[in-house]
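**Student:** Below: one structure in structure tokens.
The values are calculated or read from the model by the stated rules, or taken from the named source; none is laboratory data. As the structure is a computational prediction, the values presented were derived from the model and not from experiment. Here the Cβ positions follow ideal geometry from the backbone for every residue, glycine too, while neighbour counts run over all protein chains shown.
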Amino acid sequence: MKVMESAVKYTYTEYAALGEANRDIRYELIDGVIYYMSPGAAQPHQEIIGNLYLQLGNFLEGKPCKVFLPPFDVCLNAKGDKDRSTVQPDIMVVCDKSKLDGKRCNGAPDLLVEVLSPSNRRHDLFIKLNAYLKAGVREYWIVDPDDKTVAVHILKDGNYIINVFDEESIVPVHVLDGCEIDMKRVFKS
């Protein structure tokens, strides 16, 4: 994950212009700092995302919540051009349809999932975690393909309560009543 070094804090409009000018490169904006994202993910990373998406999508079929994959911007603070944190998580679930404008999610989604890779590990574990906490993301999952674990962060009283589950676990999704994810199916190859 590369950082665009500058003393300037970028706005959403400036961030969006970068994407329009360079369609082959993905970016994220966190607290006004632009981060270049890796151009592609390895096969295991993609398989995990696909397996999780299938389970979430099947559960949500016919329900009001929607599940999304990147590229799909999430303006965490929903302040229009003043929003200085816009991310593209691996998976997100949004239950409040008023946050969706056809182009992006404006405000914190209910669930965000990031799958770790060598290039994004620090970014997802620290920078994004803090941005998600600050924005009030109710549930944040960090999936580690190497350890075959998922760290589930549940927002409570302004802090995250963390539970770690292994590949043998059935993990409840707290923001989706009745939804459980079978981690054996997530980590299958």
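**Student:** Pull out all pairs, ordered by first then second residue, where Cβ-Cβ is under 7 Å, the residues are six or more apart or on different chains, the first lies in region 139-155 and is over 10 Å from H174 (Cα atoms), and the second is polar (S, T, N, Q) and buried (at least 18 other Cβ atoms within 10 Å of the Cβ).
**Tutor:** none
**Student:** Just to be sure before I move on: is S117 surrounded by 18 or more Cβ atoms within 10 Å (Cβ to Cβ), small (G, A, S) and over 10 Å from the mean Cα position of the chain (by Cα) in the structure I sent?
**Tutor:** yes
**Student:** Here is a further query. Return yes when E167 is among the charged types (D, E, K, R), buried (at least 19 other Cβ atoms within 10 Å of the Cβ) and at pLDDT 95 or above and no when it is not.
**Tutor:** In short, no.
**Student:** Determine the pairs where a residue that is closer than 19 Å to A78 by Cα, located within region 1-25, has a partner that is of a type in the set (G, A, S) and modelled with pLDDT of 70 or more with Cβ atoms under 8 Å apart, the partner being 6 or more residues away or on another chain.
**Tutor:** Matching pairs, first to second residue: K9/G32; Y10/G32; T11/G32.
**Student:** Considering each of S119, S85, S189 in turn, give the residue that is touching a Pro at 6+ places or on another chain (Cβ under 9 Å), among the polar types (S, T, N, Q), at pLDDT below 95 and over 19 Å from L60 (Cα atoms).
**Tutor:** Matching residue, one of S119, S85, S189: S189.
**Student:** Given the criteria surrounded by fewer than 19 Cβ atoms within 10 Å (Cβ to Cβ), under 12 Å from the mean Cα position of the chain (by Cα) and in a loop (DSSP other than H, G, I, E, B), does P71 qualify?
**Tutor:** yes
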